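Reviewing the structure listed below.
Throughout, read-outs are computed from the coordinates displayed, never taken from laboratory work. No experiment lies behind these values; they were computed from the predicted model shown. As a convention, Cβ positions derive from the backbone with ideal geometry for all residues, glycine included, and neighbour counts pool all protein chains shown.
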Amino acid sequence: MRNYRSLLLGCLAISALGCGGATDSGVSPVRAIHLAKSVNAIDVVTDLNEIAAGLAYGDASSFANVSTASPSIFVNNSGTGASIATLDVSLVAGSAYTVVDYDPIAGGAPVVGMIIDDRTAPAAGSFRFRVFEFADSVQSAVDVYLLLPGQDIATAAPAVSGLTPQTVSGYTSKAPNNTTGYRVVVTNTGSKTILADLTSFVPAAGQIDSIVLESGSGNAITFQWFTE
């Protein structure tokens, strides 16, 4: 499992909350997550800065400090150089952002947007996380559980509930399980029938994590997690 140590204004169907994290005056940390399976790899650049080059499907770039004077972010097909999208943005110095591209469920060209990252430190002894739901095979709302190994889902409450396709949840706080970590379990909302039981998510106190649900081989639900 890849653990990306670092992490993205919702012009797509993404619900993202908050901002935060100090940085130099006049720049904003920006990164990209490539979730459009129809494009092998992407480049993400501005007039003045490179954010990502050759970013493969399912990968996340490191943060790049982007000048708030940059009026546009360009997302291009890395193999052909063809434009996928141009985002005209207004960046706030000190706020962090992630660019996300994905294939719409209804088909058609990839959609690109930005969301705001909240890099406020978690409370002592806890971590904070959010869930990106971009698994093509799931076309209804899901619940996401963080369960201990062997824990029965029947009596458990979801950590995130009612997350609709191609959206991002708000942040949730939880105490880490430093010994074995958590299972990431996905069900249809209101159901205890498991769609995916994924291991192993091992966050530590003080971390801010993003769990990305995506489609693997045969459209099975897979996940990655990365830490800001």
Inset, instruction - First select every other residue whose beta carbon is under 13 angstrom from the beta carbon of residue 73; then total the charges, Lys and Arg +1, Asp and Glu -1. - result: -4
Legend entry - For the range 135-228, with +1 on Lys and Arg beta carbons and -1 on Asp and Glu, the positive-most of 201, 170, 146 along the dipole: 146
Legend entry - Gain upon complete extension [residue 175, residue 192; 0.36 nm per residue less C-alpha separation]: 3.8 nm
Legend entry - Note, ³J(HN,Hα) from phi for the range 102-111, Karplus 6.51, -1.76, 1.60, rounded to Hz, x at Gly and Pro: 7, 8, x, 4, 6, x, x, 5, x, 9
Inset, instruction - Rounding to the nearest 20 debye, state how big the charge dipole of the chain is about its Cα centre with +1 on each Lys and Arg Cβ and -1 on each Asp and Glu Cβ. - result: 500 debye
Legend entry - Under-5 Å amide H pairs with residue 66, H placed in peptide plane, nonlocal only: 28, 30
Legend entry - Integer Hz, Karplus 6.51/-1.76/1.60 couplings in order for the range 164-180, x for Gly and Pro: 7, x, 6, 9, 10, 6, x, 7, 10, 9, 7, 7, x, 10, 6, 7, 10
Inset, instruction - Sum up the charges of everything whose Cβ sits under 15 Å from the Cβ of residue 112, counting Lys and Arg as +1 and Asp and Glu as -1, but leave residue 112 out. - result: -2
Legend entry - Under Karplus coefficients 6.51, -1.76 and 1.60, residue-wise ³J(HN,Hα) of the range 26-34 in Hz, glycine/proline x: x, 10, 10, x, 10, 9, 10, 10, 9
Inset, instruction - Please report how far the C-alpha centroid of the range 150-172 lies from that of the range 108-142, rounded to the nearest whole angstrom. - result: 12 Å
Inset, instruction - Please label the shape of the chain as rounded, prolate or oblate, based on the square roots a ≥ b ≥ c of the eigenvalues of the alpha-carbon gyration tensor (a/c under 1.5 means rounded; beyond that, a/b larger than b/c means prolate, else oblate). - result: oblate
